[in-house]
């Protein structure tokens, strides 16, 4: 009987310990699973032809996907696959770009800031790029220049010290529709914003569009 | 009685047995736990593995409608169309093989004429264009139109506005507008407010307003407000999921808990004190919600808007109306307490915001010009054409005030911005002043000003907190 009781006790202890470990591992892994399971580190493809139409389309494939601070990889299933990541942790490995990583990828930029060329990264390539929103705002990097806000058109950007979004369309009332990776609770989408008139924001243009 | 040897042997065997049992138990426990882990992992994996959409399904279009036209305006309609590149790689960056047809007619009735869109390869924006025939572009009553845009390869189509012929876009000529020249805006000469009617520090306390949190997320908080007929100010404290009702300056607010999402939202008060909240962020796979609450914050209902997004909600003649996109139309969401279906909303889309009595108020910014019109059933009844030498950003507010219209628009340079307030009448500008309402924290896009009676209210914020200032308009 003692042998059987011992087996039961050991079973129970092992079960509790391993189940707790399993639950903890699942919970912990949940927020790191997307990049680990879905994304790649493939080399980008240099491209001599890139257009505002084409980059807008690339941005639209990211619409309704997630936001990840310091992230840069997403799929196209119209769902944030990593909702509720801790907002202060850049290492949760969740889906989505952040605002500057999203812009970097849609604008097809190089990780080499002195390279003004264009590169196709693809949505599942995990890459953030070297620019913060504030760096974009100041026109940092060979492909980027500051640009007068009144003259901005689609696929130009408006950047502040803490955020950047790209113009998708102008509205009749003078607001703009902005495509942006806004935040963990927002994801990546198109919203009406008033960044153009806001003195916190400056205009930025990516150079070299073919059309 | 047990034999001693047998006893010794028995003890060893029992130890062996217990060891074996412990190992067996541990293995069994680990196996069961592993199975449960696998099941849990499988469940999570299912959630993560929702399939991507076929790239060829993507079709989106944008268009800046000429809501109010003036002599000399282009006589064409331009669109941008976005769909998968035809080379089989949806992310190649190549433009898609797109096309479409604009259906247009003079005025509001009669058959539509089909105009094929042609690609203007030299254009950086508005690359698909339809030239309007003179019979349409010069029609005294203006014209109505919609477009069907398509991916020529995949066959995917979209209609803009989505209701097509049932609620086409409407373009009207300004009818003998009152012409106003503002000249160059002088920054730093803003008027002082008549009174500060609400103020709160940032935080989560009963007298405070919350800020949304997140790295690379600029400060966002107190994302909208409105003022009721008694002058009480209701501020949407979305980060703390509540509204704060300020009834008297200097006194703390009354807290109204609201079941809202906690992200940027717009707010409008109904005549009975009810609170309409337009969420600008939608839940998974849905369109945003308009949530209605009574004056105490009790939920009345929640309804999805028809559009993918919306920028503003206002109290309409029969319930909340929202400015929805991609249609770019004002659309009722609820009528007489009944939520409208998506199709019903789309069929009621209008270019202007509906006013009591059936008129609508149409605004348009065209470069450094703002155009405003009161439109009745017979067309434009009154209109204004306002030119500025300083760049204009958004038209924040346009509200009738008796026979006048109060207009608030943002003027800006690369480094500064202020708001120009105009009280427009039949001869021009009855009153004009500037407001410097700093917005340290981001709000809903069209939530900075409200008009109640003959007072204009402005929402602003600093790193210390938010405030609402009142500006008495001093017009009879």
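Coordinate-derived values only; no laboratory data. As the structure is a prediction and not an experimental result, all values here were calculated from the model. Don't worry about glycine lacking a Cβ; one is built from the backbone with ideal geometry, like all the others, and counts go over all protein chains shown.
Per residue, the Cα convex hull of the range B:235-285 amounts to 88 Å³.
Taken over the range A:146-197, the alpha-carbon convex hull comes to 76 cubic angstrom per residue.
At q = 0.11, 0.15, 0.24 Å⁻¹ the log10 of I(q)/I(0) for the range B:55-171 amounts to -0.37, -0.65, -1.37, computed by Debye summation with a single uniform scatterer per C-alpha, solvent ignored. Segment residue B:294..residue B:403, full-extension length gain: 36.1 nm, with 0.36 nm per residue of separation and the alpha-carbon distance subtracted.
What number in nm² do you get for the range B:217-310 if you take the convex hull of its Cα atoms and divide its surface by four? Walk me through the numbers on the way to the answer.
Working: hull surface 26.2 nm².
Projected area, direction-averaged: 6.6 nm².
Let me test this: with uniform point scatterers at the alpha carbons of the range B:268-354, what is the Debye-based log₁₀ I(q)/I(0) at q = 0.23 1/Å? Taken in order of the listed q values, log10 I(q)/I(0) reads -1.09.
Calculate, for residue B:427 and residue B:121, the FRET efficiency according to 1/(1 + (r/R0)^6) with r their C-beta to C-beta distance and R0 30 Å; round to the nearest 0.05. List each step's numbers first, then the result.
On the way: r = 47 Å, r/R0 = 1.57.
Plugging the Cβ-Cβ distance into 1/(1 + (r/R0)^6) gives 0.05.
With the Kirkwood sum run over all distinct C-alpha pairs, the range A:31-206 has a hydrodynamic radius of 15.8 Å.
Quick one: if you take sqrt(5λ) for each eigenvalue of the C-alpha gyration tensor of the protein assembly as shown, what semi-axes come out, biggest first, whole angstrom? Before the final figure, lay out each step's value.
On the way: eigenvalues 550, 200, 112 Å².
With the √(5λ) rule applied to the protein assembly as shown, the semi-axes are 52, 32, 24 Å.
Taken along the Cα-to-beta-carbon direction at a fixed 7 Å, the label points for residue B:255 and residue A:88 span 2.3 nm. Residues of the range A:75-95 with the amide nitrogen closer than 15 Å to a label point 7 Å from the Cα of residue A:36, along Cα-to-Cβ, please. It comes to A:82, A:91-95, nothing else.
Taking label points 7 Å from Cα along the Cα-to-Cβ direction, residue B:387 and residue A:116 give a separation of 3.7 nm. In the frame of its principal axes, the range B:316-405 has Cα extents of 45, 29, 20 Å, reported largest first.
Distances between every pair of Cα atoms in the range B:93-134, grouped in 5 Å steps from 0 to the bin holding the largest one, split as 6, 20, 23, 21, 14, 9, 6, 2, 0 percent.
Just the C-alpha atoms of the range A:108-211: what Rg/Rh do they give, with Rh taken as the Kirkwood radius? Before the final figure, lay out each step's value.
Working: Rg = 13.5 Å, Rh = 14.2 Å.
The Rg/Rh ratio comes out at 0.95.
Here chain B was treated as a single set of alpha-carbon atoms; its pair distances binned every 10 Å from 0 give 4, 16, 24, 23, 14, 6, 3, 3, 3, 2, 1, 0, 0 percent.
Computed on the range B:289-444, the Cα convex hull volume stands at 149 Å³ per residue.
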